[in-house]
Amino acid sequence: MDTTDISKIVQEVLRNKGLIGPGSSTAKPPAQTIASAAAVPSSAKSGRAAVLVEPKKLEIREFPLREIGPDEILVKVEACGVCGTDVHCYKSDPFGLTPNVLGHEGTGEVIQVGANIKMDSVGKEVKVGDKIVTSLMETSPDCLIAKYNPAKANLSDDLKVYGLLPDEPNNHFNGYFGEYLIIRPGSSFFVVNDMSVELRCLIEPAAVVCHALERAKSCGGNRLNFRSRIVVQGCGPIGLLMIAVLRTHGVNNIIALDGNPGRLAMAKSLGADETINYKEYASADEIADKVRSLTKGLGAHWGFQVTGVPVAHANLYKMIRRGGGICEVGHFVDGGECAINPHRDICAKEITLVGSWVYNSFEYPNAYHFLQRAERIGLPVTSIITHKFPLEKIDEAFQTNLRQEGVKVMIEV
């Protein structure tokens with residue numbers, strides 16, 4: 001069979017379908033036929049994703065890529081940071097999500113936009129080729145917390161985060177540890193073309209610290225200003241970004257507390273004025289004495305607890321002056337309990353205690369403006385990304401994180 005025979009067969013099929021008239025030798029399909037064929041780009045029929053199939057077991061699997069709907073966006077993932085929450089899921093599946101695709105500190109390039117999508121969540125035009133970030137989906141209309149207090153939608157019981165969603169039969173691309181992400185209806189998303197891929201991967205954790213800062217500020221008083229003396233306990237990725245956001249906000253007296261000399265050095269570069277290595281002290285009381293020596297003998301005005309270690313929370317009260325405050329940022333999973341003395345630690349000092357839980361979608365713009373401002377004033381925020389791994393080596397990436405090597409581990413897709 002030669003090309004002439006093939007051409008005759010194709011023309012006969014098209015005549016039978018009514019797409020060309022009798023005797024015609026060319027065909028021009030209707031517009032809807034062209035649109036249907038372009039619904040999923042030919043280069044994106046399937047993609048790989050790292051599936052957590054059980055605790056401590058990730059498998060790279062190939063999945064078909066379904067056609068997106070008119071209110072959805074198809075993203076080609078570029079990179080994603082490994083969050084502490086990802087590591088907790090990897091170790092023990094505390095939320096009962098397996099099998100699923102993790103990853104929520106990610107970013108990628110738009111390769112297809114649903115017909116109904118015109119703008120991102122702050123009114124920027126969105127189009128193919130744009131760089132984008134997303135994390136949260138809208139809560140259920142039945143959620144009374146979100147309904148009566150939208151500013152507290154982050155406390156909804158059905159808060160949904162990409163990378164912390166169960167697998168679905170018709171969509172396996174729910175997290176950033178895969179080649180693609182489908183942004184579904186009801187999601188917040190933001191076009192961030194003017195940022196490097198590293199900076200974009202820090203927007204989600206930056207939203208965490210921006211929210212924590214707002215929680216502390218919500219308590220009123222005069223505790224967070226140029227002369228405030230602040231302790232940040234824990235210099236992991238969130239703690240380091242907490243230091244950076246405080247410095248960017250104008251706080252000039254920041255004390256960083258950690259047991260890793262490398263992380264303490266990084267804390268200095270990101271805005272800490274003083275550092276304390278807790279391993280050099282015999283007790284929490286001695287650490288508190290050191291803090292008081294750096295704060296005119298009174299203790300810090302405010303402390304941010306970012307370790308995720310319960311006993312660290314208990315110890316922080318000793319470092320805070322009377323009338324001061326504490327923001328607990330570090331416990332996104334249940335790490336256990338600790339003992340405090342309500343009289344000595346809270347009542348006698350009139351301590352203000354606030355918790356900080358994730359963030360709201362409207363805090364994403366605040367987060368990326370913070371990161372841009374931090375870079376402009378010379379804070380090397382992207383330096384916290386110390387390791388990069390391809391998707392094929394995601395197990396090695398998680399093991400690196402578990403060994404606490406470096407600071408922030410990033411997966412490049």
Problem set entry | Candidates 153, 206, 146, 216, filtered to the one that is in contact with a Cys (Cβ under 7 Å, 6 or more places away or on another chain) and either at pLDDT 95 or above or not in a strand (DSSP E or B) (or both) | 216
Exercise. Taking segment 201-227 on its own, how many of its residues are charged (D, E, K, R), in contact (Cβ under 8 Å) with a residue 60 or more places away in the chain and out of contact with any helix residue (DSSP H, G or I) (no Cβ under 8 Å at 6 or more places or on another chain)?
Worked result: 1
Exercise. Got a sec? Which helices (runs of 4 or more DSSP H) wholly within segment 233-299 have at least 2 residues that are out of contact with any helix residue (DSSP H, G or I) (no Cβ under 6 Å at 6 or more places or on another chain), without any contact (Cβ under 8 Å) to a residue 24 or more places away in the chain and not acidic (Asp, Glu)?
Worked result: 261-269, 284-293
Exercise. Any residue in segment 384-402 that is surrounded by fewer than 17 Cβ atoms within 10 Å (Cβ to Cβ), closer than 22 Å to residue 198 by Cβ and among the hydroxyl-bearing types (Ser, Thr, Tyr)?
Worked result: yes
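Listed here are the residues, each with its yes/no results for (1) buried (at least 24 other Cβ atoms within 10 Å of the Cβ); (2) of a type in the set (Asp, Glu); (3) in a loop (DSSP other than H, G, I, E, B).
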{"residue": "76", "(1), (2), (3)": "no, no, no"}
{"residue": "79", "(1), (2), (3)": "no, no, no"}
{"residue": "85", "(1), (2), (3)": "no, no, no"}
{"residue": "97", "(1), (2), (3)": "no, no, yes"}
{"residue": "108", "(1), (2), (3)": "yes, no, no"}
{"residue": "112", "(1), (2), (3)": "no, no, no"}
For this session: Could you list, in sequence order, all residues of segment 303-338 that are crowded, with 17+ Cβ neighbours inside 10 Å, in a strand (DSSP E or B), more than 25 Å from the chain's Cα centre (by Cα) and not aliphatic (A, V, I, L, M)?
Result: 321, 324, 325
For this session: Looking for whichever is within 18 Å of residue 71 (Cα to Cα), not assigned by TED's automatic domain parsing to the domain that holds residue 330 and not in a loop (DSSP other than H, G, I, E, B) here; the options are 189, 173. Which one fits?
Result: 189
Seminar exercise, completed: When (1) buried (at least 19 other Cβ atoms within 10 Å of the Cβ); (2) at positive phi are applied to residue 408, the one that fails is (2)
Exercise. Just to be sure, is residue 328 under 30 Å from residue 192 (Cα atoms) and charged (D, E, K, R)?
Worked result: yes
For this session: Report yes if residue 198 is surrounded by fewer than 23 Cβ atoms within 10 Å (Cβ to Cβ), under 17 Å from the mean Cα position of the chain (by Cα), charged (D, E, K, R) and over 27 Å from residue 92 (Cα atoms), otherwise no.
Result: yes
For this session: State all residues of segment 289-316 that are among the aromatic types (Phe, Trp, Tyr) and in contact with a Lys or Arg (Cβ under 9 Å, 6 or more places away or on another chain); if no residue qualifies, say none.
Result: 302
Seminar exercise, completed: Of the residues in segment 339-372, those that are under 28 Å from residue 413 (Cβ atoms) and in a helix (DSSP H, G or I) come to 361, 362, 363, 364, 365, 366, 367, 368, 369, 370, 371, 372
Problem set entry | Verdict on residue 120 being surrounded by 15 or more Cβ atoms within 10 Å (Cβ to Cβ) and either touching a residue at least 40 places away in the same chain (Cβ under 8 Å) or under 15 Å from residue 413 (Cβ atoms) (or both) | yes
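The values are calculated or read from the model by the stated rules, or taken from the named source; none is laboratory data. This one's a predicted model, so the numbers in the text were calculated from it and none came from an experiment. Neighbour counts are summed over all protein chains in view; Cβ atoms, including those assigned to glycine, are modelled from backbone coordinates with ideal geometry.
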